[in-house]
Amino acid sequence: MKVLIVGSGGREHAIAWAVAKSPKVDKIYCAPGNAGISEYAECVAIGAMEFEKLAAFAKEKKIDLTVIGMDDPLVGGVVDVFEAEGLRVFGPRANAAIIEGSKAFSKDLMKKYNIPTAAYENFTSPEAALEYLETAKMPIVLKASGLALGKGVLICNTLEEAKEGVKTLMLDKQFGSAGDTIVIEEFMTGREVSVLAFCDGKTVKCMTSAQDHKRAKDGDQGLNTGGMGTFSPSPFYTKEVEEFCETYIYQPTIDAMAAEGRPFTGVLFTGLMLTEDGPKVLEYNARFGDPEAQVVLPRMKNDIIDVFEACVDGRLDEVDLEFEDNAAVCVVLASAGYPESYEKGFEITGIEDVNAKDGYHVFHAGSKFEDGKLVTNGGRVLGVTAKGKDLVEARANAYAATELVSFENKYMRNDIGKAIDEA
Ligand code: AMP
Ligand code: GLY
């Protein structure tokens, strides 16, 4: 069969790698793709938001299944455009992707269906938000309701900071219209875990757990980034926690979406905080995590095409998801200065040495070919994933592998997966 993947990051590289392993697949296209993805897929110069062009391409090439990796096209309705053309596509429609596209929607959904999450209020007027803050307990969390590249969340320790935050989000519009509505919610503490789950509208099947490291510097210091590394599984996500989440969070979420006339098909990503009062939902995403996919997919035993098709056809109940009984760590190699300003265009060497080893994968995020050479082309450049029998071994393997890859201004965190020492 022929598969089209939409997106251009490390996550889409991991998806393309998993798809390429399927014996059912004989041709992969990726729009727009990246240098690493071009090893398995023909990359085509169509942007992820060019829905009509994507659908026309899928028709012309007789694509059997399109997989959408990114959030923006899902929230914007790319699946609806494909379905209207009679094309098979994996991902939620716009009316279900809203679970990521509007935090105000997802908070109201959780409240209505008693799904555990932080107490909150939604605001569309800055005056009302400021008035509410006057009597609120600090610290407090302010969130732009719309898509903000994972950066629209402000943790405010004082009333002054919180008032400044309302200004940033609602008046200065740092995240554009994403801040037209904001969620103000209770500050929680605890371990964070990411759980990705396949869904077919009725059934939900969880993948193995993961945790990412969002801050730029060691010890969770520095600015928020798109993710500096991940590990899987999370030792804090015990069998007991998993059972609680299955009963009170994942299935109720999928049932709630179905009851609202918004059946969710695709990958539901639940960001959890394991608080003293039990697991609570921090956020939902409507797609694989990046860089969670880079540690979860290499551990999956199933043929990913079988799982995608079962989701699209509404028969996920027939699938048993299986994961290797090991661990994986992904260390992101970034350009020094990320997420602020950084230089690019430096030659990258050594990737083949990592990929030649069994259980190791370099996933590309920001690289390109220039005059026949692979060069850096973004803030996050590569994700170096290694497996091991446990997290300690996987971490040692991943860091050893990062030594094999070189480029000028290479920057990484040195403590990815360190939290596991406390488990
Ligand atoms: P989100 O995009 O909603 O997952 O938020 C991004 C990050 O902000 C999370 O990964 C948490 O580290 C932090 N965060 C979000 N909501 C809260 C909360 N209610 N209490 C404490 N930290 C939070
Ligand atoms: N790693 C967080 C995300 O993909 O949103």
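Quick notes on this one:
- Summed over the range 41-72, the residues that are among the hydrophobic types (A, V, I, L, M, F, W, C) and outside any loop (DSSP other than H, G, I, E, B) give a count of 10.
- Among the conditions (1) β-branched (Val, Ile, Thr); (2) assigned to a loop (DSSP other than H, G, I, E, B); (3) over 22 Å from the mean Cα position of the chain (by Cα), the only one that VAL354 does not satisfy is (2).
- Sole residue being over 30 Å from ASP313 (Cα atoms) and among the aliphatic types (A, V, I, L, M), chosen from MET110, MET138: MET138
- Flag if SER406 is out of contact with any helix residue (DSSP H, G or I) (no Cβ under 7 Å at 6 or more places or on another chain) and either over 22 Å from PRO32 (Cα atoms) or of a type in the set (Lys, Arg) (or both): yes
- Taken as a whole, the condition of being modelled with pLDDT of 95 or more and over 20 Å from the mean Cα position of the chain (by Cα) does not apply to TYR284.
- Top-ranked residue of the range 123-154 - restricted to ones that are away from ligand 1 (no atom under 13 Å from the Cβ) and assigned to a loop (DSSP other than H, G, I, E, B), ranked as modelled with the lowest pLDDT: THR135
- Any helices (runs of 4 or more DSSP H) falling wholly within the range 196-304 and containing at least 2 residues that are among the acidic types (Asp, Glu) and more than 16 Å from ligand 2 (Cβ to nearest atom): 239-245
- Some residue of the range 325-332 being touching a strand residue (DSSP E or B) at 6+ places or on another chain (Cβ under 9 Å), within 16 Å of ligand 2 (Cβ to nearest atom) and among the polar types (S, T, N, Q): no
- Selection of the range 180-195 for residues being within 18 Å of LYS151 (Cβ to Cβ) and either without any contact (Cβ under 8 Å) to a residue 40 or more places away in the chain or within 16 Å of ligand 2 (Cβ to nearest atom) (or both) yields GLU192, SER194.
- A search for C-beta distances below 6 Å between a residue of the range 325-337 that is touching a residue at least 12 places away in the same chain (Cβ under 8 Å) and any residue that is in a strand (DSSP E or B) and small (Gly, Ala, Ser), counting only pairs 6+ apart in sequence or on different chains, returns ALA327/GLY388; ALA328/SER232; CYS330/GLY229; CYS330/GLY383; VAL331/GLY229; VAL332/GLY229; VAL332/GLY383.
- From the options GLU39, GLU52, GLU83, GLU60, residue that is of a type outside the set (Gly, Ala, Ser), at pLDDT below 95 and more than 22 Å from the chain's Cα centre (by Cα): GLU39
- The set of residues in the range 310-323 that are over 21 Å from the mean Cα position of the chain (by Cα) and among the acidic types (Asp, Glu) comprises ASP313, ASP317, GLU318, ASP320.
Let's see how each residue does on (1) crowded, with 16+ Cβ neighbours inside 10 Å; (2) not in a helix (DSSP H, G or I):
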{"site": "LEU74", "(1), (2)": "yes, no"}
{"site": "VAL79", "(1), (2)": "yes, no"}
{"site": "LEU87", "(1), (2)": "yes, yes"}
{"site": "ALA96", "(1), (2)": "yes, no"}
{"site": "GLU100", "(1), (2)": "yes, no"}
{"site": "LYS107", "(1), (2)": "yes, no"}
{"site": "LYS111", "(1), (2)": "no, no"}
{"site": "ILE115", "(1), (2)": "yes, yes"}
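- Residue check, MET207 crowded, with 18+ Cβ neighbours inside 10 Å, within 14 Å of ligand 1 (Cβ to nearest atom) and of a type in the set (A, V, I, L, M, F, W, C): no
The values are calculated or read from the model by the stated rules, or taken from the named source; none is laboratory data. In this text the structure is predicted, and so the values were computed from the model without any measurement. Cβ: placed from backbone, ideal geometry, glycine included. Neighbour counts: every protein chain shown.
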